[in-house]
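Read through the structure below, which is laid out as structure tokens, and then see the notes.
The values are calculated or read from the model by the stated rules, or taken from the named source; none is laboratory data. Keep in mind that what you see is a predicted model, and the values were worked out from it rather than measured. Positions of Cβ are backbone-derived with ideal geometry, glycine not excepted, and every protein chain shown enters the neighbour counts.
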Amino acid sequence: MATFSLTFADLQEKVPQMKKILEGHVIVPLKVADEFQLVIGGIADGQKILLAVDSGAHSIFFHEALAKTLGLKLLQGSGTAIGSDGKPIALATGELKSLDLSCGIVLENQRFPFIDMGQFVDIEMDGKPAKLDGLLGQGFIQSTGMILDYDKKQMLFPVKGAKPGELIQALRDAGHGVLKLMRGSDDRHYIPVILDGEKVALMLDTGAHAATLYPEYAAQKKWEKREKSLTIRALGEDLESDMVIVPSIDFGGYFDVANYPFFLVGKSSDKHPEEVGGLKVVGLLGSNLLMPLRSVVDFGNNEIAFPVSQLKKEF
């Protein structure tokens, strides 16, 4: 167990077994926006684009402004999407001749949804203003068996020769804590946690900038509350949010985070389940926790790993 305290980034550099496992994956470096949001570059019909990796989004979405840049004709009245504020957003569709996602995957002559993403596209990268062109959502994440590495800021795609679950098993063998993720009726991933002594489930939302709780759940608790603490940049209208301080978040008994702020945001869609795996769904686990926890998420095998001993020192 000499590697017990190593992070995933350390393991990739120093452990021969991990190097061999990684040879069975396509590895794509990611950019970081707004401190916590992971972003992938790509090319759509010859135009460079930026997409946020968003497991809370149902599929790949593009901003309407990209259609104007590319000269695409959009088919209006194609339905609606639901914003983070729970309100419907008009959806159109348009056909891209080529979408190259910089991971060896090129999609050709396919129609995609386009929406007005509003101020959600405004980000900061490397200290400079930038703009998103869309979201890389759950449909793509799940179909490719993506592994999202917050430690080294990269995504990995298993290719021929890769064994399902072998990367997370190697992390487990090296002392990482591993939790099994649950799949909801909405096909999204949920993580079991213990909030102040109560076992509940949180949707794993890589596109959410903040960890959030549903107000009706938080109202049942006697936690410290701070009103109108933050305006959350969200898809749809920006949300002015109250905040509660949760005394402890326990991750499977491996480690816990004390006195962590959760922002109060209502459920954005009735399609999200009330329960998953017998646990009440009470909110979202966003990138502001996934990043400092150095999470490695295997969406294909429904597992998440953390460098336990390192986190015990830091938290």
Item to complete: Just give me the residues in segment 213-253 being of a type in the set (D, E, K, R), within 22 Å of the chain's Cα centre (by Cα), at pLDDT below 90 and in a strand (DSSP E or B), in sequence order.
Response: GLU240
Worksheet item: Of the residues that make up segment 159-181, is at least one touching a Lys or Arg at 6+ places or on another chain (Cβ under 8 Å) and either acidic (Asp, Glu) or in a loop (DSSP other than H, G, I, E, B) (or both)?
Response: no
Fill in: Subset of segment 29-69 that is polar (S, T, N, Q) and in a loop (DSSP other than H, G, I, E, B) - its residue that is modelled with the highest pLDDT
SER55
Worksheet item: Take the residues of segment 284-315 that are among the small types (Gly, Ala, Ser) and part of a helix (DSSP H, G or I): which is surrounded by the fewest Cβ atoms within 10 Å (Cβ to Cβ)?
Response: SER309
Discussion item. Please go through (1) buried (at least 21 other Cβ atoms within 10 Å of the Cβ); (2) hydrophobic (A, V, I, L, M, F, W, C); (3) closer than 25 Å to LEU284 by Cα for LEU167 and return the number of the only condition it doesn't satisfy.
Written reply: (3)
Discussion item. Here are the criteria: (1) surrounded by fewer than 19 Cβ atoms within 10 Å (Cβ to Cβ); (2) at pLDDT 95 or above. Tell me which single one VAL281 does not satisfy.
Written reply: (1)
Worksheet item: Is there a residue being of a type outside the set (Phe, Trp, Tyr), crowded, with 18+ Cβ neighbours inside 10 Å and within 21 Å of ILE49 (Cα to Cα) anywhere in segment 118-130?
Response: yes
Worksheet item: Considering segment 2-28 alone, what residues qualify as being in a loop (DSSP other than H, G, I, E, B) and modelled with pLDDT under 75?
Response: ALA2, THR3, PHE4, SER5, LEU6, VAL15
Response to the item:
Note on segment 116-158: residues within 14 Å of the chain's Cα centre (by Cα), of a type in the set (D, E, K, R) and not in a loop (DSSP other than H, G, I, E, B) are ASP149
Fill in: Failed condition for GLY134, given (1) closer than 20 Å to ASP54 by Cα; (2) assigned by TED's automatic domain parsing to the domain that holds LEU38; (3) surrounded by fewer than 17 Cβ atoms within 10 Å (Cβ to Cβ); (4) of a type in the set (Gly, Ala, Ser)
(3)
Fill in: Given (1) more than 18 Å from LYS14 (Cα to Cα); (2) at pLDDT 95 or above; (3) in contact with a strand residue (DSSP E or B) (Cβ under 8 Å, 6 or more places away or on another chain), index of the condition ASP149 fails
(1)
Fill in: Search result, residues across segment 70-114 that are part of a loop (DSSP other than H, G, I, E, B) and either small (Gly, Ala, Ser) or at pLDDT 90 or above (or both)
GLY71, LEU72, LYS73, LEU74, GLY77, SER78, GLY79, GLY83, SER84, GLY86, SER102, GLY104
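Here is a yes/no grid of residues against (1) charged (D, E, K, R); (2) more than 18 Å from ILE304 (Cα to Cα); (3) touching a Cys at 6+ places or on another chain (Cβ under 6 Å):
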{"position": "SER102", "(1), (2), (3)": "no, yes, no"}
{"position": "ILE105", "(1), (2), (3)": "no, yes, no"}
{"position": "MET117", "(1), (2), (3)": "no, yes, no"}
{"position": "ALA130", "(1), (2), (3)": "no, yes, no"}
{"position": "ASP133", "(1), (2), (3)": "yes, yes, no"}
{"position": "GLY139", "(1), (2), (3)": "no, yes, no"}
{"position": "ILE147", "(1), (2), (3)": "no, no, no"}
{"position": "HIS176", "(1), (2), (3)": "no, no, no"}
{"position": "LYS180", "(1), (2), (3)": "yes, no, no"}
Item to complete: Determine which single condition LYS97 fails, assuming it passes every other condition in (1) in the same structural domain as ALA67 (by TED's automatic domain parsing); (2) touching a residue at least 60 places away in the same chain (Cβ under 8 Å); (3) of a type in the set (D, E, K, R).
Response: (2)
Practice prompt. Please work out if TYR217 is touching a residue at least 12 places away in the same chain (Cβ under 8 Å), farther than 19 Å from SER248 by Cβ and aromatic (Phe, Trp, Tyr).
Written response: no
